[in-house]
Amino acid sequence: MFLEQLVKLPVFLSFSPLQMSRVFSKSPKHCADKQGFSIKKHHKKFFCIFSSIFTSILSLILLLWLILHPSKPEFTLKEADIYQLNLSGSHLLNSSMQFTFLSRNPNEKVGIYYDQIQIYAAYKGQQITVDTSLPPFYQGHQDSNLLTASLVGTGLPVAPSFGYEVGRDQTAGKFVLNVKMNGKLRWKVGTWVSGHYRFNVNCVAVLPFGPTLPTPPLTSNQGSLCSTSV
């Protein structure tokens, strides 16, 4: 009797609720896992493309820098003439001098625009002329230019020891001073022109100077290579 009733039970009662819930609970999680995998895959692909572009740009910049990296300009002091250098009172200096420089661009593919140039003379760390400006100019590939600057100073204050230092140089037979140049330049490659760069030049002039020499002008035609920084 019991067996007959068991056989007559509805067929759907043979499926447990737990089994049905397992079937339906797997679907959302499975879809989420597939969607997450797809997102990660797209992120990885985007990162690889971005890295490749960034690396290519860096390589191109490095290559251009290695090919076109400009060498700093070269300056040589060719001639120095001192016409006046005397004290009025105890520490006021009057000066007049002229210098000739050779400027050279050593670059084969880079031109130089000199937009601003100022020159002055210094002795024992003291400025003995006022700043003098030279006109701007363009210097082509491997070109050379002669620059002449006339420097003067009127009533410039100097240290009380200035006369003593000049006397020591006269005893030693040579007068040593520095000619300093500074300004702004731009590099030109093809049609591209860079921004401004500051440059500084320091030249050392050595002039014969002694008790047996005639009165000024003191003159030196011995060329000396100047130090340049950009």
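Any chance you could count how many residues in the range 204-217 are open to solvent by less than 20 Å² (accessible area, probe 1.4 Å) and either touching a strand residue (DSSP E or B) at 6+ places or on another chain (Cβ under 7 Å) or modelled with pLDDT of 95 or more (or both)? Before the answer, list the steps.
So the first thing to find is which residues in the range 204-217 are open to solvent by less than 20 Å² (accessible area, probe 1.4 Å), and the list is 205, 207, 210.
Checking the rest, the ones that are also either touching a strand residue (DSSP E or B) at 6+ places or on another chain (Cβ under 7 Å) or modelled with pLDDT of 95 or more (or both) come to 205, 207.
Here the count works out to 2.
Under 9 Å between Cβ atoms, at least 6 apart or on separate chains: pull out the pairs that start in the range 68-97 with a residue that is closer than 21 Å to VAL201 by Cα and end on any residue that is of a type in the set (D, E, K, R) and not in a helix (DSSP H, G or I).
PRO70/LYS109; PRO73/ARG104; GLU74/ARG104; PHE75/ARG104; THR76/ARG104; MET97/ASP81
Which condition number does ARG168 fail, the rest of (1) over 18 Å from ASN86 (Cβ atoms); (2) surrounded by fewer than 14 Cβ atoms within 10 Å (Cβ to Cβ); (3) charged (D, E, K, R) being met?
Result: ARG168 fails condition (1) only.
Just one of VAL152, VAL158 is open to solvent by 40 Å² or more (accessible area, probe 1.4 Å) and either modelled with pLDDT of 95 or more or farther than 13 Å from THR76 by Cα (or both); which is it? Reasoning before the result, please.
Numbers: VAL158 fails: open to solvent by 40 Å² or more (accessible area, probe 1.4 Å).
Criteria check complete, one pass: VAL152.
With VAL193, VAL189, VAL176, VAL201 as the choices, which residue is over 17 Å from TYR114 (Cα atoms), open to solvent by less than 70 Å² (accessible area, probe 1.4 Å) and among the aliphatic types (A, V, I, L, M)? Reasoning before the result, please.
Working: VAL193 fails: over 17 Å from TYR114 (Cα atoms); VAL189 fails: over 17 Å from TYR114 (Cα atoms); VAL201 fails: over 17 Å from TYR114 (Cα atoms).
Among VAL193, VAL189, VAL176, VAL201, only VAL176 is over 17 Å from TYR114 (Cα atoms), open to solvent by less than 70 Å² (accessible area, probe 1.4 Å) and among the aliphatic types (A, V, I, L, M).
Of the residues that sit in the range 90-109 and are open to solvent by 70 Å² or more (accessible area, probe 1.4 Å) and not basic (Lys, Arg), which one is nearest to the chain's Cα centre (by Cα)? Please lay out each step first, then the result.
Going residue by residue through the range 90-109, those that are open to solvent by 70 Å² or more (accessible area, probe 1.4 Å) are 90-91, 104, 108-109.
Imposing the further condition that a residue be not basic (Lys, Arg) reduces the set to 90-91, 108.
Working: SER90: 43, HIS91: 39, GLU108: 19 Å.
My answer is GLU108.
What's the number of the only condition in (1) closer than 20 Å to PRO70 by Cα; (2) modelled with pLDDT under 95 that SER103 fails to meet?
Failing condition for SER103: (2).
Is it true that GLN118 is more than 25 Å from the chain's Cα centre (by Cα), open to solvent by 30 Å² or more (accessible area, probe 1.4 Å) and either modelled with pLDDT under 95 or within 18 Å of CYS203 (Cβ to Cβ) (or both)?
Numbers: more than 25 Å from the chain's Cα centre (by Cα): no; open to solvent by 30 Å² or more (accessible area, probe 1.4 Å): yes; either modelled with pLDDT under 95 or within 18 Å of CYS203 (Cβ to Cβ) (or both): yes.
When the stated conditions are applied, GLN118 does not pass them.
The values are calculated or read from the model by the stated rules, or taken from the named source; none is laboratory data. Just so it is clear, the model here is predicted, and its values are computed rather than measured. FYI the Cβ positions are ideal-geometry reconstructions off the backbone, even for glycines, and counts take in every protein chain you see. These area figures cover heavy atoms from the full protein model, side chains too; ligands, DNA and RNA do not enter into them. Shrake-Rupley method; radii C 1.70, N 1.55, O 1.52, S 1.80 Å.
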